[in-house]
Amino acid sequence: MKRDIPDIHDFAARRNISVTRIMDFTTTANPLGPSAKARNAVRKNVKVMDRHPDAEARFLIRAIARSEGVPEKNVLVGETFAAFATSILQAHNASRVLCAAPYPAYYRGLQDGPLELHFCPLDRTDRFRLDIAAWLDEMRRCDAAILACPSFVSADHPPQDAIDTIVREATGRDTLLIIDETLRRYSQIPSLSAAIAGRDGCLVLSSSSEYYALAGLPVSYAIGSDAALGGIRQRSFISPPGTLAAAAAVESLRDRTYPRRTRSFIESEGSFIEEGLRRIPGITFFTTSGGSFVITFVDHPVKPLETFSRYRIIVDDTGDARTLFFPVKDHKWNARYVKTLKNIMGVQR
């Protein structure tokens with residue numbers, strides 16, 4: 001179930017246009033963009049670009065540990081989510097890795113990497129909820145598993161008792177379980193970091209690229225037991241984030257107004273989007289746990305993706321041409337998405 005997720009740079013190259021002229025609705029990046037504190041940190045740290053970054057990323061690890069409420073020894077940092085996850089899985093000699101399908105665009109590098117991915121489909125008929133029994137059955141056939149909590153397309157995240165069952169099953173079978181919390185802050189669910197830090201066979205993995213809109217300055221981090229992270233350090237070389245990336249991530253974590261502004265913006269724009277979608281016949285939709293939208297065509301229209309493409313809009317069809325992912329972006333982009341969808345469905349102005 002590997003997906004062909006459109007890439008903005010490929011799209012721009014084919015059309016010989018700048019990426020600034022393209023609306024990318026495949027990403028889950030925060031529509032607010034990087035926080036003011038992160039941008040200011042980048043400006044300040046440009047002055048020290050002639051120095052090598054801290055190979056142990058001490059300042060960054062301290063900030064993550066404080067944010068997640070765990071000891072610093074239980075934190076390991078890397079760069080992009082896909083490269084970091086691949087290094088961790090290879091350090092554990094994992095050859096067959098379970099993921100839920102569909103998976104988000106930031107898994108693209110993981111999909112194209114050296115690992116063999118195995119997929120457990122989310123239930124499209126039930127708002128992409130995870131079938132716990134099916135997941136446990138598939139996990140028995142794999143060396144490792146990456147469980148997104150929450151999934152980018154699910155209406156709800158797995159309940160705590162289900163997660164506890166998955167953790168117990170993985171631990172009992174010596175299967176490495178990675179809980180991907182990259183999108184957790186959108187859903188405002190509590191982190192599992194403190195609980196996972198004491199389990200040798202489980203890790204929490206997260207990235208600043210999405211919620212903090214720092215894909216150009218990637219920082220990812222893993223939280224786990226001292227023994228689990230020590231084994232990874234011994235078996236794998238992981239490059240620390242660069243100076244600017246580390247500084248931006250630290251200040252993003254410290255920005256206490258950013259989460260409040262994000263919630264307010266997504267709620268406001270979500271209401272605007274919902275009002276527009278309700279006026280379009282021939283579709284159904286629901287809101288994900290993170291505030292994005294999933295749209296399903298009742299009767300599949302003619303060439304919807306080509307229509308979006310003609311207006312320089314990249315959309316994610318979730319691997320099924322009848323279902324579109326619609327992450328909240330800025331107002332102009334959201335209005336263009338809704339207008340284009342109206343055109344596709346033949347709505348009269």
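Within the range 183-216, the set of residues being part of a strand (DSSP E or B) and in contact with a Leu (Cβ under 7 Å, 6 or more places away or on another chain) comprises CYS202, VAL204.
Summed over the range 286-301, residues that are over 21 Å from the mean Cα position of the chain (by Cα) and surrounded by 14 or more Cβ atoms within 10 Å (Cβ to Cβ) total 3.
Within the range 151-173, the set of residues being modelled with pLDDT under 95, out of contact with any Cys (no Cβ under 8 Å at 6 or more places or on another chain) and either part of a loop (DSSP other than H, G, I, E, B) or not assigned by TED's automatic domain parsing to the domain that holds PHE119 (or both) comprises ASP156, PRO159, ARG173.
Look at the range 80-103 and say how many of its residues are farther than 16 Å from PRO218 by Cα and either of a type outside the set (Phe, Trp, Tyr) or surrounded by fewer than 20 Cβ atoms within 10 Å (Cβ to Cβ) (or both).
Initial filter on the range 80-103 (farther than 16 Å from PRO218 by Cα): 88-103.
Checking the rest, the ones that are also either of a type outside the set (Phe, Trp, Tyr) or surrounded by fewer than 20 Cβ atoms within 10 Å (Cβ to Cβ) (or both) come to 88-102.
Number of matching residues: 15.
Which one is nearest to ASP50 (Cα to Cα), of the residues in the range 226-246 that are at pLDDT 90 or above and part of a loop (DSSP other than H, G, I, E, B)? The extreme case among them is GLY242. Across the range 241-268, the number of residues qualifying as closer than 30 Å to GLY346 by Cβ and over 20 Å from the mean Cα position of the chain (by Cα) comes to 1.
Has the range 279-296 got at least one residue that is out of contact with any strand residue (DSSP E or B) (no Cβ under 6 Å at 6 or more places or on another chain) and without any contact (Cβ under 8 Å) to a residue 60 or more places away in the chain? So far as the range 279-296 goes, no, none of its residues is out of contact with any strand residue (DSSP E or B) (no Cβ under 6 Å at 6 or more places or on another chain) and without any contact (Cβ under 8 Å) to a residue 60 or more places away in the chain. Given the condition part of a loop (DSSP other than H, G, I, E, B) and not hydroxyl-bearing (Ser, Thr, Tyr), answer yes or no: does some residue in the range 80-91 qualify? No. Residues of the range 64-79 that are surrounded by fewer than 21 Cβ atoms within 10 Å (Cβ to Cβ), part of a helix (DSSP H, G or I) and not acidic (Asp, Glu): ALA65, ARG66, SER67, LYS73.
Filtering the range 120-149 to residues that are part of a strand (DSSP E or B) and out of contact with any Lys or Arg (no Cβ under 7 Å at 6 or more places or on another chain) leaves CYS120, PRO121, ARG129, ALA144, ALA145, ILE146, LEU147, ALA148. Residues in the range 213-237 that are farther than 16 Å from ARG66 by Cβ and surrounded by 19 or more Cβ atoms within 10 Å (Cβ to Cβ): 10 in all. Among residues of the range 38-48 being surrounded by fewer than 19 Cβ atoms within 10 Å (Cβ to Cβ) and not hydrophobic (A, V, I, L, M, F, W, C), the one that is farthest from ALA248 (Cα to Cα) is LYS47. Within the range 63-78, can one find any residue that is more than 25 Å from VAL338 (Cα to Cα), free of Cβ contacts under 8 Å to residues at least 12 places away in the same chain and in contact with a strand residue (DSSP E or B) (Cβ under 8 Å, 6 or more places away or on another chain)? Taking every residue of the range 63-78 in turn, at least one turns out to be more than 25 Å from VAL338 (Cα to Cα), free of Cβ contacts under 8 Å to residues at least 12 places away in the same chain and in contact with a strand residue (DSSP E or B) (Cβ under 8 Å, 6 or more places away or on another chain). The residue that is farthest from the chain's Cα centre (by Cα), among those in the range 139-184 that are over 15 Å from ILE196 (Cα atoms) and of a type in the set (Val, Ile, Thr), is VAL153.
Scan ALA213, ALA197 and give me the residue that is out of contact with any helix residue (DSSP H, G or I) (no Cβ under 6 Å at 6 or more places or on another chain) and farther than 18 Å from ALA57 by Cα.
Values: ALA197 fails: out of contact with any helix residue (DSSP H, G or I) (no Cβ under 6 Å at 6 or more places or on another chain).
Residue meeting the stated conditions: ALA213.
Scanning the range 49-63 for residues that are more than 26 Å from the chain's Cα centre (by Cα) and loosely packed, with under 12 Cβ neighbours inside 10 Å yields MET49, ASP50, ARG51, HIS52. Under the condition of being closer than 19 Å to TYR211 by Cα, in contact with an Asp or Glu (Cβ under 9 Å, 6 or more places away or on another chain) and of a type outside the set (S, T, N, Q), the residues counted in the range 163-184 number 1.
Restricted to the range 200-212, and to residues there that are buried (at least 18 other Cβ atoms within 10 Å of the Cβ) and over 15 Å from PRO31 (Cα atoms), the residue that is modelled with the lowest pLDDT is GLY201.
The values are calculated or read from the model by the stated rules, or taken from the named source; none is laboratory data. Source: prediction; values computed, not measured. Note that each Cβ is placed from the backbone with ideal geometry, even for glycine, and that neighbours are counted across all protein chains shown.
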